[in-house]
Amino acid sequence: MITPAFELTQDPDFLTVKIRVPYARASEFDIYFEGEDFKFYAKPYFLRQLTLPGRIVEDGREKASYNTDEGTFTIQLPKEVPGQYFEGLDMLTSLLAPKKSRSAKPLVEEMAASAELCEENEEEFDWEMEQIPYEESPPPLQHPYGFGNLRSGVFQRLQDELSDVIDIKDPDQTPAEERRRRRLAAEAAKFEPDHYLADFFEDEAIKHLLKYKPWWIDAHKKMTALQGGSHQEHDSPAFVVFSEAEREQMRKFTNKSFLLDKRSRRHVYLGLIDILLAYCYEIRVNEGDKNVESSWNIRKLSAALCWLEVSFSSIHDVLVSFGRRVLCYPLYRHFELVTRAFSDTVMILQLGKAAVLKCLLDIHKIFMESDPAYILNDLFITDYCIWIQKVKSKKLAALCESLQKTTLSKSHMGLELEELEAAAVLVQEEEKALKAAGTVSKQQLLCSESETSDSEESSSTSSSETEGSDSDEQESSTSEDGEINSLQGTLQEERTAPLIDCNGLRQGTDTWAMEVGDGKSKVSLQSTTPSGKLVEELEMQIQSAMRLSEQPEGLATAGCISQEQEENPVPEPDRFSEDAAGKGNFLEVSPKPNPLLFLCSTNEDED
């Protein structure tokens, strides 16, 4: 906190305290007085305590006033005892001392080594901040800033308090060219290509903001319709109307004149364009609503407010500065917002002084409601509000015409915007091509998978058909087996009939039987009652039931077997066979497609 400069005077009835607090927030201050104590606070100034030589009282006669030109508070405090004279009002150091220090007594005695007594009045250690009266002295060489470059030395003592308002450090000792160089370096370091490209390609929100119509668009349409398309300035209440609050703001301003040389007037006009551009951006992106970021947007986008820029050389220089800051700092960083703010500023200037004053009053109100930004009203906006009312309309019309003729493109920004956009578009096209190739390959993969599934289905169909044919063959073989089994049944019915061997009819109880299974032949004889007639009938049945095989091997095999039987007759006991059930099987045919056929020939001569 800063201890302000102050002085005290008196008359028989009142004690007057005059406190100088330049650039303080006059709308918010606190005064406390009681008995011999007086305290004052107005950010960033704090008069912690004045210990007065007499008592004052609060009885309704106290008064306070603030002089905006001088930046001083004047406070009149009634004396408790009228006519009492307060001594030592010019002893400021004594008045700032804590009250208890006046009555402090020596509490500790220090004994010197030489045994000499040295008495000193030691005060209690005070942890409170020591206050030293501020004495203004001629400042060293300082570089001006503010409206018309009429201010200097403001930030020498308020740098810590106002560091959030401006970006430049120690502006009083920084030349204008050095401020510009630092500003350009800070903008280049702050620019983020990813943020810019994101807003460039994903511009739905930007398009929505560009459709917003602030109040000056309708006013400009009315003016254009009334003038038949000409853009000459006409200040008319029909175009711009001030509210009662705005009229009250104007009544509070002090009427004063500004002595500006040619160079200073040029800086004032260029600074006005810079401030209006920032204001137009703020109104558009927030669609006319004020929020906590409104003050930040205006002062951050204006190099005159944020960097105390006073070295603008032309209107084009102002536009480039504004465009660069739009692309580096706020939430929405799109070049279309720069050009739209440009056209909005032209409309405001075409509407005349009334429209410009209305915008400046709105900025003044926004800064007054922002704790750190109020200082910018004292440095710039208040003086602009007073000055614009006295500007000749022809000057403002000439400024508007020059602004209209100025062109601005992305290449002027010095941030390689066009190269960034071209590279981003190229990358986007490559990504689309890769994506398309990936889609085609995916489709081909799906087609190949479908073909594979179709082939699998066809193979399964063919296998099922093969299985069907195999089942058909098994059914046909089964039917053949059935025929053979029926033949075996016929033979079993006649198993008791007498049989003859290959050498002729044998008398006795022997019957010849033949069994065929799985390529093996068995010959068995069973004892029955011999009968030549029955043997002949059985032979006839066998020859009529059995079908001769068409294959030569079958015939040869049968012939060989028959010949062997003729040459080596089997004894009777070995020829007899009987199954597990005790029944004889005369003929069992194998289920193979080509069963063996056993032929027996009888010797009719022996019959």
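Table for the structure above
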{"quantity": "Subset of segment 328-346 [open to solvent by less than 10 Å² (accessible area, probe 1.4 Å) and not polar (S, T, N, Q)]", "calculated": "CYS328, PRO330, LEU337, VAL338, ALA341, ASP344"}
{"quantity": "Flag for LEU117 being at pLDDT 65 or above, of a type in the set (A, V, I, L, M, F, W, C) and over 30 Å from LEU379 (Cβ atoms)", "calculated": "no"}
{"quantity": "For LYS252: the one exception among (1) in contact (Cβ under 8 Å) with a residue 60 or more places away in the chain; (2) basic (Lys, Arg); (3) farther than 27 Å from GLN173 by Cβ", "calculated": "(1)"}
{"quantity": "Filter pass, LEU399 being over 19 Å from LYS190 (Cα atoms) and in contact (Cβ under 8 Å) with a residue 40 or more places away in the chain", "calculated": "yes"}
{"quantity": "Some residue of segment 163-186 being at pLDDT below 75 and open to solvent by 80 Å² or more (accessible area, probe 1.4 Å)", "calculated": "no"}
{"quantity": "Candidate set from segment 408-424 (those that are closer than 14 Å to THR339 by Cα and touching a Leu at 6+ places or on another chain (Cβ under 7 Å)); member that is surrounded by the most Cβ atoms within 10 Å (Cβ to Cβ)", "calculated": "MET413"}
{"quantity": "Failed condition for GLU87, given (1) open to solvent by 70 Å² or more (accessible area, probe 1.4 Å); (2) in a strand (DSSP E or B); (3) not hydrophobic (A, V, I, L, M, F, W, C)", "calculated": "(2)"}
{"quantity": "Considering residues of segment 402-419 that are free of Cβ contacts under 8 Å to residues at least 40 places away in the same chain and assigned to a helix (DSSP H, G or I) only, the residue nearest to LYS262 (Cα to Cα)", "calculated": "LYS405"}
{"quantity": "Tally, over segment 6-30, of residues that are over 23 Å from TYR85 (Cα atoms) and open to solvent by less than 70 Å² (accessible area, probe 1.4 Å)", "calculated": "6"}
{"quantity": "Qualifying position, being farther than 30 Å from ALA198 by Cβ, touching a helix residue (DSSP H, G or I) at 6+ places or on another chain (Cβ under 7 Å) and of a type in the set (Gly, Ala, Ser), among SER393, SER321, SER370", "calculated": "SER393"}
{"quantity": "Members of segment 187-206 found to be among the aromatic types (Phe, Trp, Tyr), surrounded by 15 or more Cβ atoms within 10 Å (Cβ to Cβ) and assigned to a helix (DSSP H, G or I), listed by number", "calculated": "TYR196, PHE200"}
{"quantity": "Where ARG325 falls short, out of the listed (1) modelled with pLDDT under 95; (2) surrounded by 21 or more Cβ atoms within 10 Å (Cβ to Cβ)", "calculated": "(1)"}
{"quantity": "Flag if THR339 is touching a residue at least 24 places away in the same chain (Cβ under 8 Å), of a type in the set (S, T, N, Q) and within 17 Å of TYR196 (Cα to Cα)", "calculated": "yes"}
{"quantity": "Residue match in segment 453-470 (condition: farther than 29 Å from LEU184 by Cβ, at pLDDT below 90 and open to solvent by less than 30 Å² (accessible area, probe 1.4 Å))", "calculated": "yes"}
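The values are calculated or read from the model by the stated rules, or taken from the named source; none is laboratory data. The structure displayed is predicted, hence computed values, not measured ones. We place every Cβ from the backbone using ideal geometry, glycine too, and count neighbours over all the protein chains shown. With ligands, DNA and RNA removed, areas are computed over all heavy atoms of the protein, side chains included. Shrake-Rupley method; radii C 1.70, N 1.55, O 1.52, S 1.80 Å.
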